[in-house]
Amino acid sequence: MQAHRADYLRARDTFAALVAEVLRQATPALPELAGLTPAQAMFRLHKNDRSQTDPEPYKRRLGAGLVPGGRHAQRAGYFVALLPGGGSWLRAGRFSPTPAELAAIRQEIHYDGAGFHRCLADPALRAHFPAGLDTTVAQLTRPPRGYQADDPDLPFLKLKSFGLVQLFSDEEVLAPDFIGRLVAGMAAAQPWVAFLNRALVE
């Protein structure tokens with residue numbers, strides 16, 4: 001790290017400027033992000049969950065959580081990461097929620113299944129997140145406690161994370177319209193994020 005610190009600092013400053021511009025452009029459509037700063041949004045480069053099977057102490061990406069209250073706020077929001085090699089992304093939702101948050105989200109899906117599916121089927125959202133809800137995440141093998149095996153929304157109730165993902169190639173990240181695409185994707189996902197936050201915040 002010491003040998004490449006200058007490179008890292010330049011990259012961090014560039015990413016901070018990108019985050020600031022995304023926030024500036026997104027705030028008119030997403031006023032809940034007003035006042036959020038890049039410093040509050042950007043994640044550290046150090047890994048917090050390093051294990052014996054993952055000896056690298058640093059992440060290979062720069063990331064930010066565009067969430068009211070900052071990157072670690074316990075609510076749904078928007079997440080941006082830049083990773084060379086086609087691994088850059090925009091994500092929208094609540095990732096790795098606590099058990100209490102999981103219970104609240106599942107309850108909201110159960111109470112308002114029509115609203116849940118309406119958010120995910122929205123054409124504007126699907127234009128940016130064509131794969132829809134990421135169902136490849138960790139999930140239960142059995143129905144959650146309190147839910148029946150014949151519940152029509154069981155495949156979603158078993159999920160342990162609730163998010164949408166849009167991947168970008170390196171060429172797309174470097175294109176002049178990249179920030180605009182991030183902002184448009186965030187705006188399209190706002191009803192979905194609001195649905196989750198109705199369970200988590202209200």
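Could you give the length gained by full extension between A11 and Q74, i.e. 0.36 nm per residue of separation minus their alpha carbon distance, to one decimal place?
Working it through step by step, the gained length comes to 19.9 nm.
H117 to R181: FRET efficiency via 1/(1 + (r/R0)^6), r the Cβ-Cβ distance, R0 25 Å, to the nearest 0.05? Could you put the intermediate results ahead of the total?
On the way: r = 25 Å, r/R0 = 1.02.
FRET efficiency, H117 to R181: 0.50.
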Compute the helix-to-body angle for 99-111: its Cα long axis versus the longest principal axis of the chain, expressed 0 to 90° and rounded to tens. 50 degrees
What does the net charge come to around G163 if you take all other residues with beta carbon closer than 10 Å to its beta carbon, with K and R at +1 and D and E at -1? +1
Helix-only CD estimate at 222 nm, as mean residue ellipticity for the chain, using -39500 (n - 2.57) per DSSP H run (n ≥ 4): -13000 deg cm²/dmol
For the chain, take the longest principal axis of its alpha carbons; what is the angle in degrees between that and the long axis of helix 5-26, to the nearest 10 within 0 to 90? 50 degrees
Vicinal HN-Hα couplings computed from phi for the stretch 176-191 (Karplus, 6.51 cos²θ - 1.76 cosθ + 1.60; Hz; Gly/Pro x): x, 9, 4, 4, x, 5, 4, 4, 5, x, 5, 5, 5, 8, 4, x
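Which peptide among 66-74, 103-111 comes first, and what is the full order, when sorted by highest mean count of other Cβ atoms within 10 Å?
Numbers: 66-74: 16.7, 103-111: 18.4.
The packing order, highest mean first, is 103-111, 66-74.
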With no solvent term and unit scatterers on the alpha-carbon positions of the stretch 58-111, Debye gives log₁₀ I(q)/I(0) at q = 0.14, 0.16, 0.17, 0.29 Å⁻¹ of -0.46, -0.58, -0.63, -1.11
When the dipole is taken about the Cα centre of the chain, and only Lys, Arg (+1) and Asp, Glu (-1) are charged at their Cβ, what size is it in debye, to the nearest 20? 540 debye
Amide N of the stretch 126-141 lying under 19 Å from the label point, which is placed 7 angstrom from the Cα of L167 along Cα→Cβ: 126-138
Amide H to amide H, which residues 5 or more places from L66 or on other chains are under 5 Å from it, using H placed in the peptide plane? Y78, F79, V80
Take A20 and D153, extend 7 Å from each Cα along the Cα→Cβ direction, and tell me the distance between the two endpoints in nm. 4.2 nm
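Each value in this text was obtained by applying a stated rule to the coordinates, not by laboratory testing. Note that the structure is a prediction, hence the values are computed from the model and not measured. Quick reminder, even Gly has a Cβ in these numbers, built from the backbone with ideal geometry, and neighbours come from all protein chains shown.
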